[in-house]
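Remarks on the structure that follows.
Each value in this text was obtained by applying a stated rule to the coordinates, not by laboratory testing. Since the structure is predicted, the reported quantities are computational estimates derived from the model, not experimental observations. Glycine also receives a Cβ, built like all others from the backbone with ideal geometry; neighbour counts cover every protein chain displayed.
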Amino acid sequence: MIIVAGKLYVDPGAREAYLAGCQLLVEEARRTPGCLDFAMAADALEPGRINVFERWDSDEALEKFRGDGPDPGQLAEIRGAEVARYRISAVEDA
């Protein structure tokens with residue numbers, strides 16, 4: 001399993017519009033074979049922060065979905081990012 005998680009930063013006043021612009025992306029990701037979960041959400045404490053969380057069943061599924069990467073317009077709005085890919089070898093129920 002692959003987890004992609006972290007945070008993006010956009011201008012605080014642009015965050016809601018940025019997230020609204022990502023709604024179709026989230027819907028498309030969740031319909032993609034191999035996607036186990038995909039979420040982007042406003043952070044409760046930091047006004048310009050967006051939390052990112054994705055779960056994929058394989059690198060291949062993730063790469064097929066990613067294609068050429070983010071839309072250039074959305075990429076231009078990102079002021080900073082700390083997002084990492086984690087390779088999970090085992091999962092236990094909580």
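Select from segment 17-41 the residues that are in contact with a Phe, Trp or Tyr (Cβ under 6 Å, 6 or more places away or on another chain), in a helix (DSSP H, G or I) and among the small types (Gly, Ala, Ser) and list them in ascending order.
Selection gives Ala29 alone.
Restricting to segment 1-19, name every residue that is farther than 9 Å from Glu77 by Cα and in contact with a strand residue (DSSP E or B) (Cβ under 7 Å, 6 or more places away or on another chain).
Scanning segment 1-19 gives Met1, Ile2, Ile3, Val4, Ala5, Gly6, Lys7, Leu8, Arg15, Leu19.
When residues of segment 1-29 are filtered for being more than 16 Å from Ala61 (Cβ to Cβ), surrounded by 15 or more Cβ atoms within 10 Å (Cβ to Cβ), of a type in the set (A, V, I, L, M) and touching a residue at least 40 places away in the same chain (Cβ under 8 Å), how many remain?
3
Residue-by-condition table, conditions (1) surrounded by 13 or more Cβ atoms within 10 Å (Cβ to Cβ); (2) out of contact with any helix residue (DSSP H, G or I) (no Cβ under 8 Å at 6 or more places or on another chain):
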{"position": "Thr32", "(1), (2)": "yes, no"}
{"position": "Ala44", "(1), (2)": "no, yes"}
{"position": "Val52", "(1), (2)": "yes, yes"}
{"position": "Asp59", "(1), (2)": "no, yes"}
{"position": "Pro72", "(1), (2)": "no, yes"}
